[in-house]
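The block underneath contains the structure these notes are about, expressed in structure tokens.
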Amino acid sequence: MSEFASRLIAWHAENGRHDLPWQNTQDPYRVWLSEIMLQQTQVDTVIPYYQRFLEHFPTVTSLAAAPLEAVLALWTGLGYYARARNLHRAAQAVVRAHDGIFPRSAAQLVELPGIGRSTAAAIASFCFGERVAILDGNVKRVLCRQFGIEGFPGERAVELRLWALAESLLPATGIEIYPQAQMDLGATLCTRSRPRCGECPVSETCVARRTAREGDLPARRPKKAVPQRSCGVLLVKAGGAVLLEQRPATGIWGGLFSLPEMVEGESGAQTALRRLGIAVPDCRELPSLRHSFTHFTLTLTPWLAELPAMPVMAHEPVLRWVALDELEKVGLPAPILKILQAR
DNA sequence: TATCCGTGGAA
DNA sequence: TTTCCAAGGAT
């Protein structure tokens, strides 16, 4: 076994995290759900979502039987909604193709939608003891520092090298613990800023530590300009309900309900109302809000139209009146929910 | 293969 | 306020 792996496993016994909600179980459903929610998402953010999701869908069978809408509703605010759509599809695949029993190998798990190489390895090693390597953000950071790997880990060549390195370090025994030990080291000691090298079990062999480059490894993502976009949205209210429009199944906020979009301005609002088949009342502009995505910044300007009564509308599958006290039943983008909760 | 896909925490 | 990016995967 590599000295690196054995030191991490020994360190983990006393210093690892042992009480996260998805730990102390080998139920592949729970481990899978946690791994999906934790993709690109911080632990503290995931915890309440994970617990609420399990209360609604305690088993893969119950998840598979649920409407996608209910799944997206529980994902509101968590982001990367393709994860929820893939989660739902994968649950149905497990029920249909595997009789509701999760496949036990990483090779089979990776065939399920939303499960990539690292997530498959995490489930297979945690739940079934398969000797396969994970490579998440924590592991990348730890390996880049420990072995002095240059280059941005998002680059293909660097990532391939990291996968090979991660596999070469796998222990012969303790595979159920080793992935967790790596992640715990990255999350609690070998952090992005101000790593606590004084407490690290592998600091003596760490290239970054020896060369005082803890702050330079792993290499930063190359900078890119963030485009600015702006968009007007209609806030049509009648009684205690608001008119929502379901977004296309793919793309940003795919499958979520949002406020109908419009070109900005007073006349744009009235054009949009006519498109929706609503007699045009007075509209008034509300304060804009800015929302930051990873790859662009969006300025949303809501326009409020209050109707005396809910109009009877032509059959429009993507339009829906939703009571303001029932918003939790549909999936909503975070900034849209913010607008709706403000009034 | 580079880009797309959310949100909020931390510094 | 701005910058960076976190238990990544799909296309």
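List of remarks:
- Karplus 3J(HN,Hα) series, Hz, for region A:52-63 with 6.51 cos²θ - 1.76 cosθ + 1.60 (x for Gly, Pro): 5, 4, 5, 5, 7, 10, x, 9, 5, 5, 5, 5
- Using R0 = 22 Å, the C-beta based FRET efficiency linking A:ASP325 and A:ALA70 works out to 0.80.
- Between A:VAL236 and A:LEU243, A:ALA305, the built amide H atoms are under 5 Å apart, and every one of these is 5 or more places off in sequence or on another chain.
- Counting beta carbons within 10 Å around each of A:CYS231, A:CYS190, A:CYS206 and listing the fewest first gives the order A:CYS231, A:CYS206, A:CYS190.
- Computed over chain A, the per-residue total of -39500 (n - 2.57) for DSSP H runs of n ≥ 4 gives a 222 nm mean residue ellipticity of -12000 deg cm²/dmol, rounded to 500.
- Under the Debye formula (equal points on every Cα, no solvent term), log10 I(q)/I(0) of chain A at q = 0.13 Å⁻¹: -1.04
- Cα principal axis extents for region A:59-131, largest first, Å: 36, 26, 17
- Listed by Cβ neighbour count within 10 Å, with the fewest neighbours leading, A:ASP99, A:ASP216, A:ASP136 appear as A:ASP99, A:ASP216, A:ASP136.
- Computed label-point distance, nm, for sites A:PHE293 and A:THR61 using a 7 Å Cα→Cβ extension: 3.9
- Projecting label points 7 angstrom from Cα along Cα→Cβ for A:ALA219 and A:ALA164 puts them 1.7 nm apart.
- Per-residue 3J(HN,Hα) values for region A:328-340, derived from phi via the Karplus relation 6.51 cos²θ - 1.76 cosθ + 1.60 with θ = phi - 60°, read 5, 8, 10, x, 10, x, 4, x, 5, 4, 4, 4, 5 Hz in sequence order (x marks Gly and Pro).
- Loop-exposed chymotrypsin sites (Phe, Trp or Tyr not before Pro) per DSSP, neighbour cap 16 Cβ within 10 angstrom, longest uninterrupted part of chain A: A:81-292
- Between A:ALA10 and A:GLU285, residue separation times 0.36 nm minus the direct Cα-Cα distance comes to 92.9 nm.
- With a simple spin-label model that places each label point 7 Å from the Cα along the Cα-to-Cβ direction, the separation between A:GLU264 and A:ARG196 comes to 4.7 nm.
- Across q = 0.18, 0.19, 0.22 Å⁻¹, region A:179-304 modelled as identical point scatterers on its alpha-carbon atoms has Debye log10 I(q)/I(0) values of -0.98, -1.05, -1.27, in the order of the q list.
- Share of pairwise Cα separations in region A:1-160, more than 19 Å, in percent: 59
- Placing a label point 7 Å from the Cα of A:ARG229 along the Cα-to-Cβ direction, the residues of region A:269-307 whose backbone N falls under 14 Å from that point are A:291-301.
- 3J(HN,Hα) along region A:220-235, derived from phi through the Karplus expression 6.51 cos²θ - 1.76 cosθ + 1.60 where θ = phi - 60°, amounts to 5, 5, x, 6, 9, 5, 9, x, 9, 10, 9, 7, x, 10, 8, 10 Hz, with x in place of Gly and Pro.
Since every read-out is calculated from the coordinates, none of them should be taken as a lab result. Everything quoted here is computed from the prediction, not taken from an experiment. Don't worry about glycine lacking a Cβ; one is built from the backbone with ideal geometry, like all the others, and counts go over all protein chains shown.
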